[in-house]
Amino acid sequence: MLKPQVSRQPNSTRTHLLFHQPFIQGSRHASFFLKSTSKFNIEAQKRFRVAFKPSETKAIASVTEESTGIKVKAVVTVKQTIGGLITSVGIERGLDDIKDLLGKTLLLELVSAELDPKTELEKPTIQAFAHRIGGQVVEGDIRYEADFEVPLNFGEVGAIFVENEHHKEMFLQDIVLDGLPHGAVNITCGSWVHSKYDNDRKRIFFTNKSYLPSQTPGGIRRLREEELVLLRGNGQGQRKAGDRIYDYDVYNDIDPSSEKRASAFYVPRDEAFSEVKQLTFSAKTLYSLFHALIPSIGNVIDDANIGFPYMTAIDSLFSEGIEMPPLTKEGFWKEVMPRLFKVIAGGGDVLRFEVPKPMERDKFFWFKDEEFARQTLAGLNPYSIKLVTEWPLKSELDPEIYGPPESAITSELLEAEIGGVTRVDKAIREKKLFILDYHDLLLPFVSKVREIKGTTLYGSRTLFFLTPEGTLRPLAIELTRPPMDGKPHWKQVFTPCYHSTGCWLWRLAKAHVLAHDSGFHQLVSHWLRTHCVTEPYIIATNRQLSVMHPIHRLLHPHFRYTMEINALARESLINAGGIIENSFSPGKYSMEICSAAYDKLWRFDHEALPNDLISRGMAIEDLTAPHGLELTIDDYPFANDGLYLWDAIKQWVSDYVNHYYPESGLVASDAELQAWWTEIRTVGHADKKDEPWWPELKTRHNLIDIITTIIWVASGHHAAVNFGQYPYAGYFPNRPTIARTKMPTEDPTDEEWKLFLEKPEAALMATFPSKLQATRVMAVLSVLSNHSPDEEYIGEEIEQAWADDPIIKAAFEKFSGRLKQLEGIIDERNANPKLLNRHGAGIVPYELLKPFSKPGITGKGVPYSISI
């Protein structure tokens, strides 16, 4: 029999009994004293209180008196996983059914937020088994009930322990406690709970009441700290599926000699979405795309280099499609990807793409210079256009390696294009000259990329003039090749022309620039500046901020599923030999260019939309202007709509932060918050840790700016560069991802020049992506631009933890109201005939920052998080 030891606590005269095993109500280790009973309830509680010392797993029991209890009911909601019971057949399924019938599915333990006032130790937990309610599954939910008898002086419930008695993990959605003196208590879980047969450690879930670290009630302070320790791990060993550890690591699957690529990337269990029934649409579609459709397209189009012979062959992708052989059964493709596939006579499936909205409105939209310019302000990549502030244009690269730094675009050339309306120096002073500048970023990669068969690359500059109507007009494109292969430095300027040869050269030059812009958009504006940089925020939040920290609860919906979608991208999209490397101009150097852009261009402070606009010369600070900024181009749809959304987010964050931090001093003294920000800067973004531009985190103002920036990146920024991918690039001549051949004027042979003159359309077709490249990219963009039926849009549904606080609930309702107003404002702007960058014949309205959307490819809708 276990023998109790007598112990005296420091600075105390009380005597306690020590047990070498955790003292759990109903535990067999307590049977010598409690006369083993199946219900350790009120009678036992009348005689004992239990507390756990912070550094030990021993329990300390002390004698105390308890009053009678109150009855409390817990309702537990569990999400049904894919396939329901079908995925869990066998002996273990039968044992779990028996557990359900016996009412012993989940063991719950209520934890008091208060310490025992006499012993100043943690109070004992109150146990009960939860049983399944009926046999029905309602909207994917299975509910369990448990009944507790809780002492009157138990105090406020601060947390609940959960032990899963099944042999399989289950997804616990939430727990609601009814019958407590202060009303219902909500506990949002949203987490996978492992089987006790896999891990005997109980899971802890805290109530929805938020606390700063210094304000944490004594009864749950130790549990708060221990849960963070568990989530951090010890930095040792290999992560396994099912682990909940958040940690940092680097990987390199680009260089085979550096690291062998694993079959799958580790994702903490609660970051995965593929098993929950509500998310099967997104999960099934993505997995089918990467693991079935993309390889199958390669089997059907067996020649990777064959291009489209003429424009009508491109159009056939939308009218006729490509017949795909079934993988497992007739109609397989239509079943897993219904929007992409049509069933044809005979039962086969045809991959037939939907006509993108811009092409539907104007079949020749992609051909027009005004549309080429307009899309820099209201298209897929509105993050690259910059104001020209210095003249002449000059490279900062080493001239010994890359050739003369001066641009070939001269004042005389531009003034001729402007038509004598103004001089270049005056246009710069009046802020009328703008540029897409991919010269210095791409030029160092030109010689390496040109070693890859079937692609080419230039450094490029494209100049635009702001017309009196407020639209941009393209003036010139400069393409540059550095000295290489024994050939001298080459550069040439192309301009809009009114004779046949010049017109075709201008079209080809535009195709090259669009390929550069497509690569920059995908690798930098999209992957780097949203998906990639957000991951350290997610890891640091889970490692350093307790789930009961108000900032954790504010950020959590903006981080849902991002790590999972990033893992899928690393497996099949940006991986070595993946879709990006095979279909975009930089080829196998794509991630190197991404890294170079991070090194040269990325700054956290410039991720804030107002600062981004100012840094590109697209706005100046003006406290008298709407949103505190005066835009350089009044009709800049992305900026106009984005700033309204930015302000709405910032006001919501301000209301939230000011509620939980009534004094700025609380920010500086918040240990978890300071550790979080330090880790983001010095570990998550270690390569940038010494940069002077990192914001301080000392005041409420600092915190509001930081949180607003993170939320903007995950919501508005990502929506602006993601959900227009198929509308703007689905018809790939509008945004080719690769330029496969050099310009006809770059060191041509007589035969090459003759072929260009005789059939210039063939030169354009040869420059465009191959049939295999185009079809694969179109399929990917179609899926990535799609809103699933279960999409969670910013400001649409309130988080339960926010709703439980009346002040936060009111602030959220104000926020949600502003977003509904934004919907109407965007509609009004798109209907305004004076706003030529978003209204006109054949122009698709700019709606990418409209907060809400229906499912499908809609070109609008701002989800909370980067979930696709």
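The values are calculated or read from the model by the stated rules, or taken from the named source; none is laboratory data. All figures in this text were calculated on a predicted structure; none of them were measured in a lab. Counting neighbours? That spans all protein chains shown, and the Cβs are built from the backbone with ideal geometry, glycine included. Just so you know, the surface numbers come from the protein's heavy atoms only, side chains and all, with ligands and any DNA or RNA stripped out. Shrake-Rupley method; radii C 1.70, N 1.55, O 1.52, S 1.80 Å.
When Leu554, Leu514 are checked against the criterion of being among the aliphatic types (A, V, I, L, M), open to solvent by less than 10 Å² (accessible area, probe 1.4 Å) and in contact (Cβ under 8 Å) with a residue 24 or more places away in the chain, Leu554 stands alone in meeting it. Go through the range 224-239 and give me each residue that's closer than 20 Å to Ala272 by Cα, part of a helix (DSSP H, G or I) and open to solvent by 60 Å² or more (accessible area, probe 1.4 Å). Leu230, Arg232, listed by residue number.
Look at the range 481-495: where a residue is within 16 Å of Leu393 (Cα to Cα) and a partner is assigned to a loop (DSSP other than H, G, I, E, B) and of a type outside the set (A, V, I, L, M, F, W, C), sitting 6+ places away or on another chain with Cβ atoms under 7 Å, you get Gln492/Thr745. All conditions but one from (1) within 23 Å of Ser770 (Cα to Cα); (2) assigned to a helix (DSSP H, G or I); (3) open to solvent by less than 20 Å² (accessible area, probe 1.4 Å); (4) of a type in the set (Gly, Ala, Ser) apply to Ser447; the one that does not is (3). A count restricted to the range 487-506 and to residues that are surrounded by fewer than 20 Cβ atoms within 10 Å (Cβ to Cβ) and in a helix (DSSP H, G or I) stands at 6. Scanning the range 450-484 for residues that are farther than 30 Å from Ala304 by Cβ, part of a loop (DSSP other than H, G, I, E, B) and among the charged types (D, E, K, R) yields one hit, Glu469. Against the test of being at pLDDT below 95 and more than 21 Å from Pro382 (Cβ to Cβ), the options Ala596, Ala576, Ala625 yield a single qualifying residue, Ala576. Among the residues of the range 404-433, the ones that are crowded, with 17+ Cβ neighbours inside 10 Å, outside any helix (DSSP H, G or I) and at pLDDT below 95 come to 1 in all. Does the range 140-157 include one or more residues that are out of contact with any Ser or Thr (no Cβ under 6 Å at 6 or more places or on another chain), assigned to a loop (DSSP other than H, G, I, E, B), open to solvent by less than 20 Å² (accessible area, probe 1.4 Å) and on the phi > 0 side of the Ramachandran plot? Yes; the residues of the range 140-157 include at least one that is out of contact with any Ser or Thr (no Cβ under 6 Å at 6 or more places or on another chain), assigned to a loop (DSSP other than H, G, I, E, B), open to solvent by less than 20 Å² (accessible area, probe 1.4 Å) and on the phi > 0 side of the Ramachandran plot.
For (1) surrounded by 13 or more Cβ atoms within 10 Å (Cβ to Cβ); (2) part of a loop (DSSP other than H, G, I, E, B), each residue gets a yes or a no:
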| residue | (1), (2) |
| --- | --- |
| Phe171 | yes, no |
| Ile175 | yes, no |
| Phe205 | yes, no |
| Asn208 | yes, yes |
| Ala241 | no, yes |
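The single residue among Glu761, Glu752 that is in a helix (DSSP H, G or I) and either touching a strand residue (DSSP E or B) at 6+ places or on another chain (Cβ under 8 Å) or without any contact (Cβ under 8 Å) to a residue 40 or more places away in the chain (or both) turns out to be Glu752.
Among the residues here, Glu696 does not qualify as surrounded by 18 or more Cβ atoms within 10 Å (Cβ to Cβ) and of a type in the set (Asp, Glu).
A search for C-beta distances below 9 Å between a residue of the range 366-382 that is under 16 Å from Arg838 (Cβ atoms) and any residue that is of a type in the set (D, E, K, R) and open to solvent by 40 Å² or more (accessible area, probe 1.4 Å), counting only pairs 6+ apart in sequence or on different chains, returns Glu370/Arg473; Ala373/Arg473; Arg374/Lys368. The number of residues in the range 570-613 that are small (Gly, Ala, Ser), assigned to a helix (DSSP H, G or I) and open to solvent by 10 Å² or more (accessible area, probe 1.4 Å) comes to 3.
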